[in-house]
Every structure is written in structure tokens, then in C-alpha cells.
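Beneath this line is the structure, given in C-alpha cells, with notes to follow.
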Amino acid sequence: MLKQFLNLKLSQKLSPQQIQLMKLIQLPTQAFEQRLKEELFENPALESGKEEESYEKDEFDNNDDYDDYEGTENIETEINIDEYLSNDETPDYKLQANNYSDDDDDRESPLAESISFHQDLINQLNTFILTDEQRSIAEFLVGSIDDDGYLRRNVQDIVDDMAFTQAIYTDEKTVEKIVHIIHELEPSGVGARDLQECLLLQLKHKTPTEYVELAIDLLENQFDAFTKKHYDKLLQKYEITQEKLKKAIEEIEKLNPKPGGSFDSSSRVVEQIVPDFAIRIVDGELELTLNGRNAPTLHVSKDYQEMLQTYKDSRDKSHSQKDAVQFIKQKLDSAKWFIDAIRQRQETLFVTMNAIMHLQQDYFLDGEETKLKPMILKDVADMIGLDVSTVSRVANSKYVDTPYGTKLIKEFFSESMKNDQGEDVSTLEIKKILKNIIEEEDKSKPLPDDQLAEILGEKGYPIARRTIAKYRDLLDIPVARMRKKI
């Protein structure tokens, strides 16, 4: 049985130009430069740099000499050719005279050629005398090591995987022997199956001393008690002084729990951060500049304008010429839309960051994080009359160079809480105070969360213990027992 229903639905669709603008706003400086290069390559009607010559506005009259030409009625109603012949297509990109830094030239740091972490391990294998089978197994094991330097797969799985994927048929005993060879490679501790083995490998490579040998004993026989910091139990177990236990623990604390991370950072892919804005203090006042690399000089191609003018002056218009003018119009439209989108992007970036700078003026003047005010996306959006989603696009992907370092803009946003005076304070301020309290605590008797809550309450910040635990986790600070030191 068929039924008919009538539904009314109100929907809002963004135009292609609005979508293009939103995408451009979201791009940080480096990605924006790449997008600009792509557009210049794809659209010959769009050119960069200043025009050598300019058309005068009255150079072309507004009379359409081919209105009576047969077969062109539809073309002329769709295309206002004179609209594309104006000299106004080279916009002034400067929002203000000083909105762009003078030193925004491209500064590229060349990277020295280097080998990867895994390739370095394979190269080290050349110092060992291995059969072809052993080398194949060793290289497979090296390829199974993660970026932290661990071999987190059990031997049986490795044996099976080599048989299925590499046609290398071996047994667990043989693989285990090769694992011990991997353990001889640098950095020390690489190829360990877990943290305990990783630390032990590093200790066994050190010069034997009384404290190193005690540290090895601790990790081999009392690893659980050590990780839980049951120091009283360890003192009783080994019948040693507190000073001797402290020295042994110091030997362990010198070790690297992630040996792969110690490999030369030049071998890793590092994303270079290019600040999108810069804030400087000039005569006690804040000055905001937009990175000049976000302000390219673009204009509509003079050659394409001349082609369109040539078509306008032509009396005999073939079908192919009409197709050509449609193509030219499309490219000119696209160029004009892109230029306008760039201009709107610059204005949006600047007004958004300018609002953030004024809302957080106290912080930018002296760099004290406790002076960061509560600020959410809606605060900025209401101040400048833009949508919250637009502000979010700016904040989530842009960096600002400040006198206190390069900061991700979204780090300036935080929710508010009430202090004991009923005033709104930033959660960032509370986290900073909490971090300071923990840094200054007696590490032999670290403060549990309930005591931290009491201290913050005494300072005027009434916060529940569970909130303290949440902030501590966000700050990547362990519980009190794990912060304990002898």
C-alpha cells in the first residue's frame, strides 16, 4: 500500500565560494602557501605579483557592439564582459599599514641528510658475523621494533609471521638467539619486550658498581615493589640504609624508558611551525601583525582580459569562439572569487586574533599564565560578529609568535570557575597554581588529591577532590604515591 506524505524542510546550503573561504580560513600559513601554488597552477587567469601595466576604467566603453549578432542573445545575458575588464581586480591586501611583519621572508632551514632509526639498526648488524638466514631473521626483527625501541610481539607470533609473509621457516629458539643479538645494538635497551627488560639491558651495559648491582637486583626480583614505590618494604628486604637505596634508584632514574626516542631527532620528520601572527609590545602597547606570507599580491591575468576584449570587438563570432569565451569567463570568475576569498581570509584572521589579543591583554603584556582570563569561542565570536565555527577554524590551526614563545591559539581558551569571592577565574589559572603546588611539595611526602583540594580552597579556589584528579591527569601528573622520592 502506497502512502504519500508532505514534509516541509528548511535547510541552508553553503555556496561553493563560502565553502572555499571556510577551507582557506582553516589553513595555517604553510598549508595556505601550498594551496595558493595549486590555484596559480590550475587557473591561468590568476597571476601573482604586481601588474606591469594597468587598464584605465574608461578605456572600454559600455556599449555592446555585438548585441544584434545572431545567436548571441543567451551569451550576452549571462556574461557582462565589461565587468571583467576593470582595473579593480588587484585588491589592496594591506588591512592597515603595519599589519604585516617586515621580516616575513621565507626562512627555510635545510635538513642534513640522515638515516632512519631502523636503518641505523640494520647497519649495526653488519658488525656481526651472521648467516644469510640469521641476517634475514635479524632484519625482520628490526622491522618489528616500534619507534620507542620495543619489540612488543611474542616470539611465536614472529615465527608464524615470518613463515607466512617471508617464507622464512625457523623456530622459537633460533629467533630468541637473534633477539639477544638485537639487544647488543645501540641505543642500549633497544629490542626489549617490556619496560623491565629495557631497564635491565641498560643497567647490564653500565660499568658494574655497588649501586648498579643493587639496581639490577631490584629490577629482577622486586620490580613490582619498586614501581609502586614501596620503599619501606625494600629497605627491610635488603637491610640497607636509605642512602644506599636512594643511590640505586638514581641509577635507574638515569635510564631511558624509550630508547628509540633517543635516536638523533634529525632522522625524524619534524613539522616546522610557521607563526601565522606576531604580537609585540611597543611602548607599553600591544601590536599585532599578520605574517606577510598570508598576504600574497594577486591579480586577474591581463592576457585573459585582452582575450575577452578581443572577443567583444569581433564581428564574426563562431561557435568555437563562443565556447572559448565561456571558458575565459569561467577562469576569470574563479580568479576573482579566489582573490576575494583571500582578502576575506586575511580580514577574518586579523580581526579574530585582534579580539583574542584584547581579551587576553593582561597575559600578553607580561606572560604570566595565571592572568589568562576565562574565554570561550562564543566570547570572541560575539565580539567580532562572526560564527563560532569560523573562530574555531582560526583558533584550532593557527600559531602566534609572542614575547614568551610561539603558542597555539586554542591554548588561550578556557572555561571559567568561581573563586570564593564569586569572581570568574580561568581553569588555566587553577591548573597553573595546582602545578606549582605539586612542584613545591615535599617529595618524600607528596600531597594526595584531598590535601591538594584543601590547599587550593585556602587560596580561594573551592574545588572538589575529583576535579583535582581530573586537572592532574590533564597535566600528566601521577598520583601522590608515584611522585614519592626518598
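7 Å from Cα along Cα→Cβ at both K418 and N396: what's the point-to-point distance in nm?
Reported label-point gap for K418 and N396 is 3.2 nm.
I'd like to check one number: the per residue accessible area of the stretch 163-247, probe 1.4 Å, reported in Å² as a whole number. If you can, show how the numbers build up before the last one.
Details: 4920 Å² over 85 residues.
Counting only protein heavy atoms, the per-residue value for the stretch 163-247 is 58 Å².
What does the charge add up to near F128, with Lys and Arg as +1, Asp and Glu as -1, over the other residues with Cβ less than 11 Å from its Cβ? Walk me through the intermediate numbers first.
Details: positive: R135; negative: E184.
Charge balance in the 11 Å sphere: 0.
What GluC sites (Glu not before Pro) in the stretch 145-235 are in a loop by DSSP, with at most 15 other Cβ atoms within 10 Å of the Cβ?
Numbers: sites: E172, E176, E184, E197, E210, E213, E220; in loops: E184.
Qualifying residues, ordered by number: E184.
Explain nothing, just compute: Karplus ³J(HN,Hα) = 6.51 cos²θ - 1.76 cosθ + 1.60, θ = phi - 60°, for every residue of the stretch 184-201 in order, whole Hz, x for Gly and Pro.
8, 6, 9, x, 4, x, 5, x, 5, 8, 7, 4, 4, 5, 4, 5, 5, 4
Assigning unit charges at the beta carbon (Lys, Arg +1; Asp, Glu -1) and nothing else, what dipole magnitude in debye, to the nearest 20, does the stretch 302-397 show about its Cα centre?
Dipole size: approximately 620 debye.
In terms of the Cα gyration tensor, with a ≥ b ≥ c the square roots of its eigenvalues, is the stretch 397-440 rounded because a/c is under 1.5, prolate because a/b exceeds b/c, or oblate?
On the way: a/c = 2.97, a/b = 1.52, b/c = 1.95.
Since a/c reaches 1.5 but b/c is at least a/b, the shape of the stretch 397-440 is classed as oblate.
Please give the per residue accessible area of the stretch 316-374, computed with a probe of 1.4 Å over protein heavy atoms only, in Å². The partial results should precede the final answer.
On the way: 2560 Å² over 59 residues.
Heavy-atom accessible area per residue stands at 43 Å².
Per the 1.4 Å probe, what fraction of the accessible area of the stretch 332-383, in percent, lies on carbon and sulfur atoms? If you can, show how the numbers build up before the last one.
Values: 1010 of 2080 Å².
That share works out to 49 percent.
Between S389 and T209, what is the spin-label point distance in nm, taking each point 7 Å from the Cα along the Cα→C-beta axis?
Going by the 7 Å Cα→Cβ label model, 6.2 nm.
For a paramagnetic label modelled at 7 Å from the Cα of R152 toward its Cβ, which residues of the stretch 118-146 fall within the zone defined by backbone nitrogen distances under 14 Å?
144-146, by backbone N distance to the label point.
The values are calculated or read from the model by the stated rules, or taken from the named source; none is laboratory data. Everything quoted here is computed from the prediction, not taken from an experiment. Quick reminder, even Gly has a Cβ in these numbers, built from the backbone with ideal geometry, and neighbours come from all protein chains shown. When the accessible area is computed, the model is the full protein with side chains, heavy atoms only, and any ligands, DNA or RNA have been set aside. Shrake-Rupley method; radii C 1.70, N 1.55, O 1.52, S 1.80 Å.
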